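Chemist: Before I ask anything, let me first share the structure, which is written out below as structure tokens.
Bear in mind these aren't lab numbers, they're just calculated from the coordinates by the rules spelled out. These numbers come from a predicted model, not from an experiment. Cβ: placed from backbone, ideal geometry, glycine included. Neighbour counts: every protein chain shown.
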Ligand code: SF4
């Protein structure tokens, strides 16, 4: 993998949340690179990340990455007010994370620094995932907190 990992902010958050949920990252039928990027980040907590709100290094090998645009949809059965196109949904969530953490497209920071920002500034994430049911977000928040702790250590 390249020296710098291009990553959507919410993809990093998802990896840390996954770590809090047990930290097993397996290859996905979509063929995306969550598992390899997660492995890279876990094996070097100081690896450099570049914030990328478009198709990132996780999206690169994904079957839904069509010429740099995601053609997937999201499940709106439990979040009827969310935009059904995953591209729009991701952008919405990424923009909220950017605002919350004070980051912008193209910013570079080490994975550890990103995680420290999460620790210090993520606050109540209900507002970031406001289209989702509150109980799901509450579960997500617990895993995220656990993941941050696990990633940064004592
Ligand atoms: S955002 Fe779309 S293209 Fe990127 S990994 Fe997810 S499904 Fe694939």
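Chemist: What is the calculated FRET efficiency for residue 104 to residue 64, with r their C-beta to C-beta distance and R₀ = 35 Å, to the nearest 0.05?
Modeler: E(calc), rounded to 0.05, equals 0.85.
Chemist: Can I ask one more? With each pseudo-label sitting 7 Å past Cα toward Cβ, what's the residue 74-residue 3 distance in nm, one decimal?
Modeler: Distance between the two pseudo-spin positions: 3.5 nm.
Chemist: Using the per-residue mean of other Cβ atoms lying within 10 Å as a proxy for protection, in what order, highest first, do the peptides 97-110, 140-153 fall?
Modeler: Output ranking for 97-110, 140-153: 140-153, 97-110.
Chemist: Looking at segment 66-154, I'd like the Rg to Rh ratio, where Rg is from alpha-carbon atoms and Rh is Kirkwood's inverse mean 1/r.
Modeler: Answer for segment 66-154: 0.99.
Chemist: Additional query: Order the peptides 28-34, 111-117 from the highest to the lowest mean number of other Cβ atoms within 10 Å of their residues.
Modeler: My ranking of the peptides, most packed first, is 111-117, 28-34.
Chemist: Count the DSSP beta bridges whose two residues both fall in the chain, then state the antiparallel fraction as a percent rounded to the nearest 5.
Modeler: That works out to approximately 60 percent antiparallel.
Chemist: In nm², what is the average projected area of the convex hull enclosing the Cα atoms of the chain?
Modeler: Projected area, direction-averaged: 8.5 nm².
Chemist: Which residues in segment 94-111 place their backbone N less than 14 Å from a point set 7 Å from the Cα of residue 127 along the Cα-to-Cβ direction?
Modeler: Under 14 Å, as judged by backbone N against the label point of residue 127, lie 96-102 of segment 94-111.
Chemist: Kindly state, as a whole number, the per residue volume in cubic angstrom of the convex hull around the alpha carbon atoms of segment 1-72.
Modeler: 89
Chemist: Does a label point 7 Å from the Cα of residue 136, set along Cα-to-beta-carbon, have any residues of segment 51-73 with amide nitrogen under 17 Å, and which are they?
Modeler: 72-73
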